[in-house]
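Q: Sending over a structure as structure tokens; questions will come in a sec.
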Amino acid sequence: MKSSKVFTMFSMLCAVIMLLCPVTAFASEEQNATVVKTEVPSAHTVTLNIAEHASVTVNGKTYTGTQKIEVARLKEQTYEVKVESGWKLGKVSYGLSGQETTVSLTGGAYTAEALYEDGNVLNVAVIKDTSGTTGTGNTSTGDDTTSHTGAKGVKTGDETAVGWFAELLALSASVLAAVFILRSKHIASKPLW
């Protein structure tokens, strides 16, 4: 009787350990196997929507109008904004397409956080300068003047939820502790099961 209890507890412990440990599957060369390859891009596409009478310089190259450019993956990117004389900078926004937020320029430039995906957009708007001043007008204006914090963080692709592993481990430890406590209290008086 005692050995069957030990065997049962040992079997339960092995089952819990098997649930918590990752399993690696191997495929032999003789079998038809599917090979999954992932290629991480070295650059991402950013769309520039630049109003007439303005330009944006990226890595020494100047762009006007609507352009798609490639920027390095996981590197900050600086966009230098210039406005023609007689015009001043309106709203400048940056972010994923449809989720752009107004950004503030520092010294006529905006530095975006490191990119990890395609689909970001830089929008540059200008307005006619009626004040009589000339220059490039390197400050952002508009109702929404919040600073954009950029990308939400680098994604590695690992989205394993480890919370339930921790809960299962805690539950298993609690059950084992309860079994040992009950066993020590009832070792001589009556059977555990």
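The values are calculated or read from the model by the stated rules, or taken from the named source; none is laboratory data. These numbers come from a predicted model, not from an experiment. Cβ sites come from the backbone with ideal geometry, for glycine too, and all protein chains shown count toward neighbours. Areas reflect the complete protein model, heavy atoms only, side chains present, ligands, DNA and RNA absent. Shrake-Rupley method; radii C 1.70, N 1.55, O 1.52, S 1.80 Å.
Q: Taking THR111, is it surrounded by fewer than 18 Cβ atoms within 10 Å (Cβ to Cβ), more than 19 Å from GLU52 (Cα to Cα), touching an Asp or Glu at 6+ places or on another chain (Cβ under 7 Å) and of a type outside the set (A, V, I, L, M, F, W, C)?
A: yes
Q: Regarding the range 119-130, can at least one residue be identified that is open to solvent by 70 Å² or more (accessible area, probe 1.4 Å), assigned to a loop (DSSP other than H, G, I, E, B), without any contact (Cβ under 8 Å) to a residue 40 or more places away in the chain and of a type in the set (S, T, N, Q)?
A: Within the range 119-130, one or more residues are open to solvent by 70 Å² or more (accessible area, probe 1.4 Å), assigned to a loop (DSSP other than H, G, I, E, B), without any contact (Cβ under 8 Å) to a residue 40 or more places away in the chain and of a type in the set (S, T, N, Q).
Q: While we're looking at this one, here's another question. Would you check if SER85 is assigned to a loop (DSSP other than H, G, I, E, B), within 14 Å of VAL126 (Cα to Cα), at pLDDT 90 or above and of a type in the set (S, T, N, Q)? Step through it out loud before you land on a result.
A: On the way: assigned to a loop (DSSP other than H, G, I, E, B): yes; within 14 Å of VAL126 (Cα to Cα): yes; at pLDDT 90 or above: yes; of a type in the set (S, T, N, Q): yes.
It is true that SER85 is assigned to a loop (DSSP other than H, G, I, E, B), within 14 Å of VAL126 (Cα to Cα), at pLDDT 90 or above and of a type in the set (S, T, N, Q).
Q: Strands (runs of 3 or more DSSP E) wholly in the range 27-66 with at least 2 residues that are open to solvent by 30 Å² or more (accessible area, probe 1.4 Å) and modelled with pLDDT of 90 or more - which ones?
A: In the range 27-66, 43-50, 61-63 are the strands (runs of 3 or more DSSP E) which contain 2 or more residues that are open to solvent by 30 Å² or more (accessible area, probe 1.4 Å) and modelled with pLDDT of 90 or more.
Q: Among the residues of the range 72-108, how many are under 21 Å from PRO41 (Cβ atoms) and crowded, with 19+ Cβ neighbours inside 10 Å?
A: 4
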